[in-house]
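The values are calculated or read from the model by the stated rules, or taken from the named source; none is laboratory data. Since we're looking at a predicted model, the values are computed, not measured. Here the Cβ is made from the backbone with ideal geometry for all residues, glycine too, and neighbour counts use every protein chain on show.
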Amino acid sequence: MNLSRIQEELETRSFGKTIFFQQKIGSTNEWAKKLAKLGASEGTVAIAKTQTSAKGRLCRKWISPAGGLWLSIILRPKLPAKEAAKLVFVSALAVVETFNELYGLRANTKWPNDVLIEGRKVCGILCEMNANDRATDFVIVGIGINANFDARKKLPKDLKTDAVSLRTALGRKIILEELLVALLAKFETLYQTFLKEGFNKILKEWKKHAGFLGCTVEVADQAKKLRGTAQDVDSEGALVLKTKEGTARVFVGDMSMSKTATS
Ligand code: BT5
């Protein structure tokens, strides 16, 4: 990772003005949390070439071989926790728009925290925060992008059909520095829009890329599984599901496309 090239090319106000880089780290989110607690300013980025214990939601493993873009950004929005949680949508939209503008790729947002290319996961996002009902101290936005490796070779067997990398999708290697610069610029712009104009503007754009709306899906949280038609994602970020029993709003869970249609 050529940090001086990144600093030269970045035209952001705060995103990426300070970048910490390590060849190998446990998790960039954990690292960024420590930096935030030590007072790191908004926009500070922690990047690693590989991660040895990277996390997804619910402490699931995130596989992070060399060639990926594994980063965490520290944000300090003046928002209560409920609003700050919507940053996962802002970041997913930033990833999708960056892919489109840099590579002409059409990627999709998938509720709540994924970016897919042709139904396969190319990016996962993990937002963690130190916040309460009234205020947020910091949010760590962790973004993992499968970039310059062959997902079929570098990821475990069970992920081979569900995951994809940019290299495979584009048929060529990409320049990681170029991707990072474009992503930070896009994310900062959308973050400002979110703070100034509110969530609905972001959500409207996010939904334009949401390939699952109108489809039959299954949503599992820790307690139960629901099946129905994904009707909408509402202004709270909840998935609105039309089930046989009526309409359900789901705030947390894993969504998958159903193999069989609803009756
Ligand atoms: C996520 O969780 O998708 C959030 C992933 C966030 C990773 C970034 S990398 C930088 C930062 N530092 C961290 O420690 N984390 C963040 P979730 O929706 O729970 O999905 C996790 C699931 O995705 C796993 O259980 C696997 O099934 C699958 N998975 C793991 N590694 C993958 C990969 N490289 N590509 C595609 N899918 C993967």
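Looking only at residues in region 24-33 that are closer than 18 Å to residue 77 by Cα and not hydrophobic (A, V, I, L, M, F, W, C), the one that is surrounded by the fewest Cβ atoms within 10 Å (Cβ to Cβ) is 33. Checked against the criteria, residue 155 counts as at negative phi and within 16 Å of the ligand (Cβ to nearest atom). Residues in region 129-152 that are among the aliphatic types (A, V, I, L, M) and more than 7 Å from the ligand (Cβ to nearest atom): 129, 131, 135, 139, 140, 141, 145, 147. Quick check on my filter: what residues within region 237-251 are surrounded by 13 or more Cβ atoms within 10 Å (Cβ to Cβ) and either at pLDDT below 90 or not in a strand (DSSP E or B) (or both)? Those that are surrounded by 13 or more Cβ atoms within 10 Å (Cβ to Cβ) and either at pLDDT below 90 or not in a strand (DSSP E or B) (or both): 237, 238.
So, residue 89, is that one surrounded by 16 or more Cβ atoms within 10 Å (Cβ to Cβ) and touching an Asp or Glu at 6+ places or on another chain (Cβ under 8 Å) or not? No, not satisfied. Residue count for region 40-66, restricted to those that are more than 7 Å from the ligand (Cβ to nearest atom) and crowded, with 21+ Cβ neighbours inside 10 Å: 6.
Considered as a group, the residues in region 101-128 that are more than 8 Å from the ligand (Cβ to nearest atom) and among the β-branched types (Val, Ile, Thr) include one that is nearest to residue 31 (Cα to Cα), and that residue is 115. Of the set (1) farther than 21 Å from residue 44 by Cα; (2) surrounded by fewer than 19 Cβ atoms within 10 Å (Cβ to Cβ), all apply to residue 110 but (2). The numbered conditions (1) within 16 Å of the ligand (Cβ to nearest atom); (2) out of contact with any Asp or Glu (no Cβ under 9 Å at 6 or more places or on another chain) are all true for residue 167 except (2). Can you name the residue in region 222-236 that is over 21 Å from residue 87 (Cβ atoms) and of a type outside the set (A, V, I, L, M, F, W, C) and, of all such residues, is modelled with the lowest pLDDT? Selected residue: 222. In region 24-139, counting only helices (runs of 4 or more DSSP H) that sit wholly within it, none holds 3 or more residues that are without any contact (Cβ under 8 Å) to a residue 12 or more places away in the chain and hydrophobic (A, V, I, L, M, F, W, C). The residue of region 1-23 that is surrounded by the most Cβ atoms within 10 Å (Cβ to Cβ), among those that are among the small types (Gly, Ala, Ser) and either more than 16 Å from the ligand (Cβ to nearest atom) or part of a strand (DSSP E or B) (or both), is 14.
Every condition in (1) farther than 30 Å from residue 67 by Cα; (2) in contact with a helix residue (DSSP H, G or I) (Cβ under 6 Å, 6 or more places away or on another chain); (3) small (Gly, Ala, Ser) holds for residue 147 except the one numbered (1). Entry remark, region 72-82: residues being away from the ligand (no atom under 13 Å from the Cβ) and in contact with a strand residue (DSSP E or B) (Cβ under 8 Å, 6 or more places away or on another chain) number 7 in total.
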